[in-house]
Structures are given as C-alpha cells and as structure tokens.
C-alpha cells in the first residue's frame, strides 16, 4: 500500500506515530477516521472504526470513528451492537470534541455521545433492535442524559421507528466479528502467512519469576496461545481484560485435562518497565496460575524483533506504548502460526476451537 | 479446678476480637471438685485500667453487666453466656481486655481469657501506638507498590463508576470495600481497626508527618524519614499528591456537619434512606474536593490512603443514622431505597462487583481482587456480599455480624 | 455508657444543630450579583448550597455560568468550582453535565487568576485531558506561555504516563533546582529511559539527601535489580553519609523480607563487618533488620 494511503496510516506501527504521546496518536488517527465521513469509508478502514467502537476510550477517537462509520455505504448493521456498547461506555463520561477547523484549534462543538447516537440514527430502520435501549435512555429523564443527547436520542428513535426502508430479515443480522472478517486477513483462526516462531526462537526472555529462557523454550513442543499486553495499559478492555480472559482460558483448558499440553503465554510490549515482579503481580491479580507452561514474559533486550516478526499492531511513545491493537496467536507444537485474532475482542470459545485440532495432533504425536 | 472458655470467632492463634455486638460464648468446669453438683462462678473484667471493657449477659441483649454469675455443672457441661465490648470502652491494644472467672470463697481465679475490643475510632484520638500500627499495616499492604493494595486501587476507578457511585448502592458498596481492606490490614496486624477522619471537625493530629503526612507547597505529602507510607507507590509512581484547601488545624468549609447529615432523612419516626443518601454529594463529595491531588477525582482518589479514612467517616455517618433512626432491618423499606434507574448492583438482593467476579455487561470487564477477605471472627458476609448483607452490620436482628463497629455507634436491639 | 442516655445526647445534638432546611437552590441572581459588595459572603452562600442528586439540573448550569464569568470575584468562582467538583463525585448522576463541566474548566484554564487556572488544569490533568496536557507541555517548553508554575505542570502531566513529556522533563531536570527538579525526578521514576539519570542522583554524594532518597525510591520503582546494586554500593561506601546508608540498607532489608533479594554472600559479610565499626544508631538499626531478614 502507498504510504499516503489513509488505511495504511491508521496502523499502530506506522512510523508516523513513533515517539509521540497517546493523545497525539488519538488525534492524528481520529482526524483520519473522521475524514471518512465525507470521503467515504474504505473497506480496509472498517476494522479500525469497529475497534474504536468496541474498546476505544478516547472521546476524540471514538467520536471520530462514529463519524467515519457514517461514510460507509451502506453502514453495516453489525456496527449497531458496537455503537450501543460505546454509548454505554461513555454514558457517564461524555466529553466535548471538535472536528471543525484546523487540528488543535477547533471549537469543541459536539460530544462523543452525540456522534455515537447520530450514527445509530444513520442506520435508520436497521437500528430497530436498539429501539428499546434508546427509549430507556431517553425515559431516564434529565437526570440521566444531557439536553443535547436527548435531542439526538429522539432523532435516532424517530429514524429507527420509520418503516420506509425495507426491514432486514433475521438472517442479515450478524455478529461484529463477521463484519470485519471480510476486511481482515486472519479472523477466527484462519492462519495468515506469518512465519513460525522458530525464526525468532533464540530471543532471550525472562518470566514472572525471573527465570531466563529462549522464546523457543517457552513456546515449542506444545501448542501455544501467545498474546501481548503491558501492565501500564490504561484501557481496561485491552490488556487487563486480555490477561483476565487468558486466566479463564487456562481454567477451561484445565477442565478439559489439557493444561499440561498447552502453553499459555503473554508477552509485554514494555519489557524495560515490566520487570518480573510487575509481571507476577499483574498475572496473579487477574487469576493467572503460573507454571512451566503458563508464563508472562518480557524480552531481556529490545522488543523490536518480536514486534516486527509478528507485525504487531503497536506503537511506542517516548516512555511506553502509545497505542496498540489486540493481537493473539495460536501456534502449533512446531511454533507455526495456526490462527490469529487481531484488533477485535476474541472469545474464549473461538480460541479453544482453534486449539482443538492442534491439541489432538499433539496428543497423537509420539514422544510429546 | 479450672474454667475453660469457648468463644466463637477465635482465630488460629487463639486470639479473640469483640465489637459492641454480643456473641454467644460458653464456659465449663475442668477438674471439678468431687461431691458438688455445680460451682458458682463469677465472670468479671480483669483488664488494664485504660483498656477495653467487656459486658456480660445471660441472653442476647442490647446491654450487659460488668459481672455475671454462672452455675457451672460439675459434669463439665458447658453453660452459655453472651459477651460484648462495653460501649465506649474499646481496647487500645491486644489483650488489654480480660475475662476472668472467679470461684466462690477463697477459690480465687479459675480461668481467664485476654482479648481485644476492636473498634473503629476517630483518627484524631488514636494513641501513637494505634496510629503507628495502622500506618505500618497500610505500608505493608501497599508493599512499595507490589502489595495487595493494588487490587483495592483497581477496584475504585472510572471504569467501575456506575457500580459504586451516583446511586443508592453507594453506601453499601463502600461499606464492603472498607471491610475488605480492613480485613487485609488485620491479616497483617490483627490489632488494627480502620480509623475514620471526622471531616466536620478539626483533625490536627491526622495531618502530621507521623500520621497521614503534611503537604508541601507543590502538593506532595511529606512524612518523617522511615515512615511506612514514605515508600507508598501506586500506578507505578511513588508518592502521594494532596494539597489542602483548608487549614490543617481546622475543618474544611462548606460541608454539612454531622448533625445536619444525620437529619437529612427526616425525623426518626419517618427517617428514610432515600433522602439520607443524598449525603453522597455533601458532605461526601465536598470532603473529597477539600483537596487538590489524588482525592479530588473518582479515578485517582483511592491512590491516597487518606481516602479510606474519609470514606470510613462516610460509612460511620450511615451507621450512626441507621442506629439513631432504627433503620438496620433490610425488610423495612425505609432502611434502603429502590435503585434509580433499576440498576444491577444497587438493589437489595444484588451481589456486588468485583467480589462476585461478574465481568459481563453492564458490569466492568475485569473483577480485581477476588472474593471479599475472610476472617476467623465471623462468616458474614461471605466472599460475594449482597447489598442486603451490608445493612445490618452489627446483626441487631440476630445472625452473624460483619465484625466491625464504630466508637460512637452502639449496638441496640 | 448507657445507650438510652447516649441516644438522648445525640438527639439533643441533632436538634441543636437544626435541620438543614436551607433552600435547595438560592436564587442565582442573588448569588451571582456582581454588584454585591461582599464576595466572601456570596462565596459562603455558594459553598452552603444544597447540591443534591435531585437538583443538579437546576443548579449545575448556574454554577457553571458563575465559574466561567470573569466579571465575578475569584472567591465566588472558586466556591462554585468546588461545589461542582464535589457534585462530580456523584458519577453517573453528574453524567449529563460532565461534558459542559470539563469544557468550562478548559475555558477557565487560561483565566487571569492563577488559582483558578491551577485548579482547573489539575482537575483536567487528572482526567488525562488532551487539551490540558497540550497547554501544560507548551508552558514547559516556553515559560512565557506557562499557565501554572513548572513544578505543578510537571506534577499534573505525571497523571498520564502516556503523555509525551519525558524528553522535556529530562531536559528540565538538568537545568532546574528545588521543587522543579524534584517533580521532574518523580515523573521520571516511571521512565525506563531515565534509569541512568536516576541512578546518578541516588549515588551523587553532592546531592541533597531528600533528592537522593527520592532517587532511591524512583530506581526501586523502575528497576529493582539496578536499585539493589546501587544500594549495596552506597551501604559499603564508608565515605557516604550514614543516613543514606541506613535508608538504603533498610530498603535492602525489605527486599530480603520479601524473599526476592539476589543472594550476595560478600555483601552480607560486609554488612556484618559494618556492624562492628559503625557508631550510627540509624545504621545499626538497619543492620539489625537486614541481618535478621538475611538469616531468614
């Protein structure tokens, strides 16, 4: 993709964001996303929009995503539950944002809730499944929502109630994952063309107890779930939730009597700060039980090799990560990538499904 | 001949802690004299003069006497009696309250049991030893950023706002939160009870370098060298940001005082929780914004240890209101109010996040800290408390109490 | 004490204080009247306002107007600000007003009055507000543009470890002293790129003792292993001050107590030897604690 392709510029690892603070990154990416409202939303940008709606915490970036979504023709109905989730998330933390005028000098003439509800309204009758929730919010009275938000709610309810557009049949309603699957190379376990782990197998890593080993030692010989996080992540739906879900995954695997057969590994993006004691505390707080197959790891040297090997969606500011997407890989016993989950929240079931054939293969392999 | 006591709630080290809430204990004779069917024994206080005092009763009651006479059968069968801390006579140290059994005539002391009447006190009135053991335990819980305090910090964030604030569950949620923290402190030092900062009165003893620290001109809290909170760390950062908008020798301005707060719900005959709970704004919110720094915002307030003393006073005000207006029965509609809107986590039968471990919407997506800390003292409220379980904290209606009490809020049936 | 007597006593206190029957909302025209000669009285009236969950809709917009109104006396605006900040503690109840509240603070952050600016910027910085971070950073880069003193600006920016401030603060650290230098060091305590700078402060015998202690805390926060190395160096340096040697040894004892210390028999011997030679009571007490922890 050419460098000035706006979709390429949305990638977290883009050099445009290197060395910047998170606020800057949110503003730059938000400006791109908001611009799609007028220019039309390219299919490749849809995952970025849906990601903001699902887990975004920056009022500016989420409002921008809501605007960008309105540039999609048509707006996928699958965005509706994500819009409603975002509304719930910002219900107590609405804030003013502005997209007019030059960046940084604009008046903040709208709010994140207003933009989200406008996008619900833009769905027209496709927003019908949300009518109940919208009415409930409006009926909550002035104690619950601001006057500006009430006005948008009325419009959205009006738009959703109209029956001019043909109603979609039930078969059209699909999950959010399906909406972005088309635009993503590796949804739900279909492996992309990423090289196996053995190429970076000699990278030295340290676990939560201080033990030093190589990545190959941590990951080869058994199927693995490998994901990434850092303890200073401020988005509770990203790293904190990832590690908590990893712990649940671990418990479910144990119930299947598979716990000895699968590596559960999460690596920090921020190895200089995430010293072993921090890793240990972070995992323990979220219910992870450590063992030879279940570790939190930091590279003892720079993280660059791991980042570029997996083409991780992460950028770095002057002190720590400035932005990252969710990245989770399912690896076979030889460290080959058998599935990956990126950007959107993954479900434990989907990861277990991707692991199933690998566990079966590993169990029948002699000597394993 | 000896008298043996069996007091429920005794911990693994044989320690006993009482509040104002009576518990049923038993006494029995060991090696009784031959020939008699029973021995008349008197239970009495034998603690330090300034220590905790105990009251006894044959039945569960709102009052008791400093001595109690029991006829203990020579068969060794146990006789039950009720024991509680004497209101406004709490302990200052473990073992300064003692139950002694004396026999008839010259038989003398037949048995004794040292214990503690462990009560949450006004921070302004703590002895240096009480103060020091509290800050030492708090420092250990924080563990220079590596201790279990992290979980408490993670429980009180913007992401969990709707579980905790702006609704009728505000008071019960914070009651459970403080109890969880206090039990963790007691696991470090069992003689600790969480003190409260009475924000409507001057508290010069609180804002000292020996206790909660003194703020410098840039709003950083300073302690004496070696103070356990000197190494306080939260969110990967050292230190505490706090500046006072009031003179440390005076009380903050603009707060409803205690009497005004207690009268919020109406006169005792009709006092109702709904109007009382508006104290969440004033004095609670106003107490927070008497400071600059961490305390000023929901998302950072729990990074300052003073937060827990501030909230303990909020909880005490509720407890005092409950007692004064007799609103400890959850079945009484005036003891609590319907959630507005009908939000989960704020209704009587609801379990509370994060102790319930629920992470599906509308609850936050992670539940830090696991279940509520257990204690040998009582099995209430269990690992996953409900809103209802927070109401009758002294178990005035019977059953198990939560194991804490305030120095100015009595047990009364 | 007899509980019945006590109840009478509390009842008398409550009756004596009187019910809080002040009006829920005083006429704002009265409160905000700029021709009133006594701003202190008006500020008191605002502080005494009954802002309760049920009447936010009536009072919050009026209070926001007072905070924004540059024609009002500063104490009056500060009083309104504080009442609003207290109401913000109502979380979901305050939600309908939050966007306007934050916007009012952004407006006030460039007010001619320093106290208002500082309070507004602190509140916004705690919310990790991008606008506030930008103006605070601009002020650090160009003192003429500064809205708050540099020490406070650094402290406020420290509320967001994801803000782009470490390079500027590192530079400020090197050319400042006093409170600015101290706040800079605190902020850099979470910046792995500043490990050497922090270690240097901790080891610098020419540095103030409070700064060296802060450096020790910062290094321990950033990299426990590097801290242990530096602390051992201080403890065994006979030319260093006893106070910092005692503090360092106490911190090492804490690590020993946690059971996470790297084993170093040579160091334990050196501490044993120090016990024989030192006369400092503080150092002796740290030695005692360390030896008891090391012996486990």
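The values are calculated or read from the model by the stated rules, or taken from the named source; none is laboratory data. Keep in mind it's a predicted model, so treat the numbers as computed, not measured. Glycine also receives a Cβ, built like all others from the backbone with ideal geometry; neighbour counts cover every protein chain displayed.
The set of residues from segment B:306-334 being more than 30 Å from residue B:134 (Cβ to Cβ) and buried (at least 21 other Cβ atoms within 10 Å of the Cβ) comprises just one member, B:325. For segment B:30-45, a tally of residues being buried (at least 17 other Cβ atoms within 10 Å of the Cβ) and in contact (Cβ under 8 Å) with a residue 60 or more places away in the chain returns 2.
Give me the residue from segment B:52-73 that is surrounded by 17 or more Cβ atoms within 10 Å (Cβ to Cβ), away from every other protein chain (no Cβ under 14 Å) and without any contact (Cβ under 8 Å) to a residue 60 or more places away in the chain and, out of that set, farthest from residue B:23 (Cα to Cα). Only one residue tops the list, namely B:70. Only one of the numbered conditions (1) outside any loop (DSSP other than H, G, I, E, B); (2) in contact with a strand residue (DSSP E or B) (Cβ under 6 Å, 6 or more places away or on another chain); (3) within 14 Å of chain C (Cβ to nearest Cβ); (4) closer than 26 Å to residue B:144 by Cα is violated by residue B:300, and that is (2).
For segment A:256-263, the criterion of being buried (at least 23 other Cβ atoms within 10 Å of the Cβ) and out of contact with any strand residue (DSSP E or B) (no Cβ under 6 Å at 6 or more places or on another chain) is met by at least one residue.
The condition (being in contact with a helix residue (DSSP H, G or I) (Cβ under 8 Å, 6 or more places away or on another chain) and crowded, with 23+ Cβ neighbours inside 10 Å) is satisfied by just one residue among B:300, B:261: B:261. In segment C:239-264, of all residues being at pLDDT 80 or above and outside any helix (DSSP H, G or I), the one that is nearest to the other protein chains (Cβ to nearest Cβ) corresponds to C:241. Scanning segment C:218-226 turns up no residue that is in a helix (DSSP H, G or I), more than 13 Å from chain A (Cβ to nearest Cβ) and either touching a strand residue (DSSP E or B) at 6+ places or on another chain (Cβ under 7 Å) or within 30 Å of residue A:315 (Cα to Cα) (or both). Kindly establish whether residue A:83 is within 25 Å of residue A:345 (Cα to Cα) and either free of Cβ contacts under 8 Å to residues at least 24 places away in the same chain or over 24 Å from the mean Cα position of the chain (by Cα) (or both). So residue A:83 does not fit the description; no. Filtering segment C:51-77 to residues that are within 9 Å of chain B (Cβ to nearest Cβ) and either in contact (Cβ under 8 Å) with a residue 40 or more places away in the chain or surrounded by fewer than 20 Cβ atoms within 10 Å (Cβ to Cβ) (or both) leaves C:53, C:54, C:56.
Mind listing just one residue for me: the one in segment B:323-335 that is in a loop (DSSP other than H, G, I, E, B) and within 20 Å of the chain's Cα centre (by Cα) and, of those, farthest from residue B:154 (Cα to Cα)? Checked segment B:323-335; the qualifying residue farthest from residue B:154 (Cα to Cα) is B:326.
Within 13 Å of another protein chain (Cβ to nearest Cβ) and not in a helix (DSSP H, G or I): is that true of residue A:274 in this structure? Against the criterion (within 13 Å of another protein chain (Cβ to nearest Cβ) and not in a helix (DSSP H, G or I)), residue A:274 qualifies.
Within segment A:210-237, the set of residues being within 14 Å of residue A:279 (Cβ to Cβ) and within 14 Å of another protein chain (Cβ to nearest Cβ) comprises A:210, A:211, A:212, A:229, A:230, A:231, A:232, A:233. Of the residues screened, residue B:256 is one that is in contact (Cβ under 8 Å) with a residue 40 or more places away in the chain and facing chain C (nearest Cβ under 8 Å). Whether a residue is more than 24 Å from residue B:291 (Cα to Cα) and part of a loop (DSSP other than H, G, I, E, B) was assessed, and residue B:166 does not pass this test. Screening C:179, C:151 for residues that are surrounded by fewer than 20 Cβ atoms within 10 Å (Cβ to Cβ), within 9 Å of another protein chain (Cβ to nearest Cβ) and either touching a helix residue (DSSP H, G or I) at 6+ places or on another chain (Cβ under 7 Å) or at pLDDT below 95 (or both) leaves exactly one candidate, C:179.
Per-residue answers, yes or no, for (1) at pLDDT 95 or above; (2) assigned to a loop (DSSP other than H, G, I, E, B); (3) crowded, with 17+ Cβ neighbours inside 10 Å:
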position: B:184; (1), (2), (3): yes, no, yes
position: B:203; (1), (2), (3): yes, yes, yes
position: B:210; (1), (2), (3): yes, yes, no
position: B:227; (1), (2), (3): no, yes, yes
position: B:230; (1), (2), (3): no, yes, yes
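Of all the numbered requirements in (1) crowded, with 21+ Cβ neighbours inside 10 Å; (2) part of a strand (DSSP E or B), residue B:90 misses one, and that requirement is (2). If we scan segment A:65-82, do we find a residue that is within 14 Å of chain C (Cβ to nearest Cβ) and closer than 25 Å to residue C:132 by Cβ? No, every residue in segment A:65-82 fails to be within 14 Å of chain C (Cβ to nearest Cβ) and closer than 25 Å to residue C:132 by Cβ. Screening the candidates C:136, C:121, C:140, C:197 for the property of being more than 14 Å from chain A (Cβ to nearest Cβ), part of a helix (DSSP H, G or I) and modelled with pLDDT of 95 or more yields one hit, C:121. If you go through segment B:235-258 and keep only what is farther than 25 Å from residue C:75 by Cα and either modelled with pLDDT under 95 or touching a strand residue (DSSP E or B) at 6+ places or on another chain (Cβ under 8 Å) (or both), you end up with B:235, B:236, B:237, B:238, B:239, B:240. Would you check if residue B:227 is more than 22 Å from the chain's Cα centre (by Cα) and within 26 Å of residue B:146 (Cα to Cα)? Yes, satisfied.
Residue-by-condition table, conditions (1) more than 27 Å from residue C:121 (Cα to Cα); (2) assigned to a helix (DSSP H, G or I); (3) within 11 Å of chain C (Cβ to nearest Cβ); (4) without any contact (Cβ under 8 Å) to a residue 40 or more places away in the chain:
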residue	(1), (2), (3), (4)
B:282	no, yes, yes, yes
B:309	no, yes, no, no
B:316	yes, yes, no, no
B:321	yes, yes, yes, no
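The set of residues from segment A:35-46 being in contact (Cβ under 8 Å) with a residue 40 or more places away in the chain and surrounded by fewer than 23 Cβ atoms within 10 Å (Cβ to Cβ) comprises A:43, A:44.
Where strands (runs of 3 or more DSSP E) sit wholly within segment A:279-368, those with at least 2 residues that are over 17 Å from residue A:55 (Cβ atoms) and at pLDDT 95 or above occupy A:294-299, A:327-331. The residue of segment B:344-354 that is farthest from residue A:246 (Cα to Cα), among those that are touching a residue at least 40 places away in the same chain (Cβ under 8 Å) and out of contact with any helix residue (DSSP H, G or I) (no Cβ under 7 Å at 6 or more places or on another chain), is B:347. Taken over segment A:210-229, the criterion of being part of a strand (DSSP E or B) and buried (at least 18 other Cβ atoms within 10 Å of the Cβ) is satisfied by A:224, A:225, A:226, A:227, A:228, A:229.
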